[in-house]
Every structure is written in C-alpha cells, then in structure tokens.
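Novice: Can you keep this structure in mind? I'll have questions shortly.
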C-alpha cells in the first residue's frame, strides 16, 4: 500500500516536472510561473523586515542595518597636491616657498587610517550586505529580533527550500548536464549541413534546463545588440553561473583551461557540438599562443562569438575591477555585456576562498532564486586612429559596463584577492608628494639664478609638470 | 559575514569602551564588524598580516608606521579595545566638550587636539623617547620620498625642517616644539574621519 502511494506520487511528480518545466525549456516558452514566484517572495520579505523592525522597537533596541554606503564619509577625492596645499595654507599664508612641513604627515596618516576602517578593495571579495532580510540564515544579522511568527515562516522557508526546491533543482541539473553530454553525440549523427543549426538548438535547450535548475529569473535588455559571429563578448564576472546566464540566450565559444574529471568530460563533450577554445595548463602562460588562437577563431566568421571575462576572477557584483588587456589586443569588435544580480533572492557571488564548487552549487540551489538583469551594450571597437591602446580601450569598455550595471568602476586588479599590492602604486604616491616638495624647490633655484629682484609670479604657474 | 556577529553582546566591555572613546553604540557595532572582517582567521585579534592585506594601506608611503601605531610596544596582536582606542583619536573634535573646563578628574578625550598631535608625533618618534631626532626625521622623509630625491636633497630638507622647529637648539624636536610649529594648522579637521550615523 505504501509502495503504491510512493509510486503514484513519484509519477505525479515527474509528470508535473515534465509538463511545467522541461517541455517549456525545450520549446522555449514560459508560463510566467517564475515571475509570479518572485513577486510573492518580495512581498514576504518586506513583511518579514517590517516584523523585525516592530520587534526591535518594542524592545527599544536598534536594528542592525548594514551600511551599504560604508562607515565613513569619504570626502570627494582631491589630489595629493591640493590636500597638502590646504594643510599648509592654514599654517603659513605668508610664505611663498613651499617646502617640507611637519604637518604633511597628517595627509598620509588620515588616508591610511581611513583605509583601515573602510577600503574599496577588500570588501569586493566577500558577499554584499542586504538591507532587508530574505529569510536565509546566511544573511541574517538580527537574530534576537525574530518573533515567533517569523521563526515559523523561516522554518517553513527551510522546508520548502531544502525539501521541495533543492531536489527539484538537482533533478533538473542532472537532466540538463546529461542532455548536454548526449547532445554532442546525437548531433554527430545528423547530416553535416544541419549540424550547426541542430547543435544550436540542443545547446539552447540544455542551458534553458540548467537555468530552470537554478530557478534563475533573467531579464535581457537591448537584445538587438547581441554579440555576432567574429566578435568577442566581454562581461563582468561574479560567478561561474554567468556562463549559463549568457549561454541561455545565445551560443558562445568558451575559453578556459582544460580540467580533469567531470569538468573535463563536459568540456570534451561540448567541443563535439561547437568549437570551444580549451587551453592546456602550460599553454596558458604563452600569451602569443593564446592571442593567436583567439585571433584565428574570430577571423573565421562561421564561428560563434567568444565569451571572455577579463577581470580574471569573481568579484562580488558591486564593482567592476581592472580588465586584463589580452582580449582587447586582438583587434576585433568587442560586445560588452553587463550582468547585475539582485541579491535579495540569493547571493550569486562565489567566494572561492570560502566555498568549494560543490558547496557553492548547493547554496545556489537552496536559495530562493537567482534574479539578474543582463544588458547587451552596443559594440565597441578600438580607436586605432586616435592612438588608443589596448589598456585604454579596456578601461573604456569597463566604464561602459560599470555605468550600465550601476557598479562602481575601480582601477584595482582583481588579482589582489590573493596577491599583494605592487610597489608601483606606492611609488606613484611618493612621486606625487615629491613634486610638491622638490618640484617647487627647483623653481626656487631658477629664481635665485635669474636674480633680478622682481617677483616672477606664482610658483605654480611656472612648473608645467605640476598639476594633473 | 556570518549570522552570529555584530551584536552588542559580542563586544567585550561595550559600555566602558563607549564612554572612554566617545563612539556611539552604532559606531561600535560597525567597527566590530570591520574588525571581524579584517580578522581573516577568526582569532579575535589582528596581526600584522591582517593589516597588510588592506591594499590601499600597502600603497601608502607611511603605511607600515601607521600599522605599527596600532600595536602597543612589545605586543604582536591588536585586540578590539586597542583597535577602537586608536581609532578614537580620529573622531572629529567635540568643540563643546573640550572647552568645558578642565576639572582635574576628567582625562582629556582621545580626540582632543593634543592627543591627535601626540598620535602624529609618535609616527615620527619611533623609539618613543619623546624627541624627534634628525635620524628619525630622515627616516620619515625617506619613506615618503624614497627614490624620487637624492640623498643630499633629503638631508637639506631635513636640515631646514629641524632649523625651523627646533627652538631650544638641541638638534631634536620635542613634543612642545612640535606642537608650536603646528599651532596654525587645522588639525581638528585634517586629522579627523567623519563616521556616518
């Protein structure tokens, strides 16, 4: 009797799965279930936060609200020269020859302590904080203010997420990956002419299933700017899931290192259906080889656009860090894409120092959903005529992506996650400071030499190298 | 970021710290979050490498001096109260508080003008003998300029600076001479960090 019930429920379960999720994925239609789900969740979160605030007020305590704008008020960045002039200006208004002042140290001291309290870089490598609670333990800071009702809701949330959503998603993911692996084989069997058309269809279908496996609710903007063959698509990097998000809407050739194990199998299978560029570990260091292979790929107009993440590492989606110039040197059209995740439903950022791949995927699959927006920006080309080099081009693209996605545009290298700052930055600071001191005392020498007693005008107008 | 941090209960001696430093409860909680964040191995105290991980600090020419200022002499770790006490120096001066008479019982607040000056003085005076010697001044100049100037230029800059500030002509700068040479500088503003409410 029990076995019969079990059998029936499993059948029902799979039928529902098939009808509502897999078939639409295959055909590319949508029932609108996910947007409904999203709106309901939002309402519940707002209610939850309200309850917590009420609870806190009753106890007459403060609710901990993460300051998403930082702890300290950072004055608008003025140059080192300006600040030091100001420091001295308050001390010596009569003096016309700037030299070293004991007060100069205050500038560096304050900047140093400011960066200890709140710096721009280190906070980009950990998950961002939320303004309201989304019923996940992992983002809760106000344990004490949870009333009974909220606790019940939270418990219900856990049941739903781990009992219903997680198994559902795992099933889907497995289905999707199997299809991906098999898809390659199936396509080979078909007539060569139809091969690319079919492989595209299979590819899209698999990714759509994977997207549903994560309950990813994606909004694509400006699809008329979608990357075309013979170009490179660059995007900001937050998580390996970025690939699935983008590949859901178009076919790309991926670039990366050859892995072993399951990943390696997936990589080999993918190559059967479309051309991807996988590098051996040793080849990665050889920049010319990399550039050549990429160049050959884009030159061939029948091949799909390459997908590249120039930051080189995962950043927490509040900022865009330095783009590595390699992909910008190739000289083809660049299609920038901005991806912005909505952290309220589940933070997609992969903190690789904290979580391995498997625990990360489990966390993703037990969140409420992954909601993101993708903007396709108009294609850009390097302005060779105006002497723009690869680095400047990369920065221009980065600025465009940051502006569209509402992210902070940083010059810092994402590699700082693991490595230390290069001395070159410190030298720059020293250079700027020395200009304030020595640059001006050189003018002093000139004054003494000319020696005609008449004041020659401002020190600052003399030195053309001074100033930005 | 975990679910267990940032509650006043986790902060040792919170009330006392608030009185001593003048930080509000909200500020203290936020600073504790930051302390926790910098403390990558969850040791409950900070070490040298935790500070060195802050990239913007690494590019500051006197970054290592500032870091050392957090460590009491002889100690190799910084606990939360020490962390907050040093940061208290950088609170904006409460003008009404300092003007309200010195009854001998009340110690000067950490962010008074004199205490800010003392902090800056210690950045120069590394051996803490109460005087800035010519050599110590040269060391600071070297840190701030390194390869951008020649050794002679460094020497002459140091020479000029000592001549100006050294009033009793003992070839070192004492704290009082330091204070005097900076009397017209707007320290309250320049050595303050505005903490958001």
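The values are calculated or read from the model by the stated rules, or taken from the named source; none is laboratory data. Just so we're clear, the structure is a prediction, and the values are computed from it rather than from any experiment. Methodologically, a virtual Cβ is constructed for each residue, glycine included, from the backbone with ideal geometry; neighbour enumeration extends over all protein chains shown.
Novice: Could we say that residue A:429 is at pLDDT 75 or above, crowded, with 18+ Cβ neighbours inside 10 Å and on the phi < 0 side of the Ramachandran plot here?
Specialist: So residue A:429 passes the test.
Novice: Going through the range B:123-142 one residue at a time, which ones are surrounded by 19 or more Cβ atoms within 10 Å (Cβ to Cβ) and either at the interface with another protein chain (Cβ under 10 Å from one of its Cβ atoms) or over 21 Å from the mean Cα position of the chain (by Cα) (or both)?
Specialist: Correct list: B:123, B:124, B:132, B:137, B:140, B:141.
Novice: Something else now. Out of (1) touching a strand residue (DSSP E or B) at 6+ places or on another chain (Cβ under 7 Å); (2) not in a helix (DSSP H, G or I), the odd one out for residue A:313 is which?
Specialist: (1)
Novice: Turning to a different aspect of this structure: Within the range A:102-112, is there a residue that is facing chain B (nearest Cβ under 10 Å), assigned to a helix (DSSP H, G or I), at pLDDT 75 or above and in contact with a strand residue (DSSP E or B) (Cβ under 9 Å, 6 or more places away or on another chain)?
Specialist: no
Novice: Same structure again: Assess whether residue A:46 counts as being modelled with pLDDT of 70 or more, in a helix (DSSP H, G or I) and within 14 Å of chain B (Cβ to nearest Cβ).
Specialist: Numbers: modelled with pLDDT of 70 or more: yes; in a helix (DSSP H, G or I): yes; within 14 Å of chain B (Cβ to nearest Cβ): no.
No: the conditions fail for residue A:46.
Novice: Right, something else. So for the range A:24-32 (the condition being touching a residue at least 40 places away in the same chain (Cβ under 8 Å) and outside any helix (DSSP H, G or I)), does at least one residue qualify?
Specialist: Yes, the range A:24-32 has at least one match.
Novice: Scan B:90, B:83 and give me the residue that is within 13 Å of chain A (Cβ to nearest Cβ) and in a loop (DSSP other than H, G, I, E, B). Walk me through it before giving the result.
Specialist: Values: B:83 fails: in a loop (DSSP other than H, G, I, E, B).
Testing whether each residue is within 13 Å of chain A (Cβ to nearest Cβ) and in a loop (DSSP other than H, G, I, E, B) leaves just B:90.
Novice: Among the residues of the range B:144-197, what is the count of those that are more than 7 Å from chain A (Cβ to nearest Cβ), within 19 Å of residue B:133 (Cβ to Cβ) and part of a helix (DSSP H, G or I)?
Specialist: Final tally of qualifying residues: 14.
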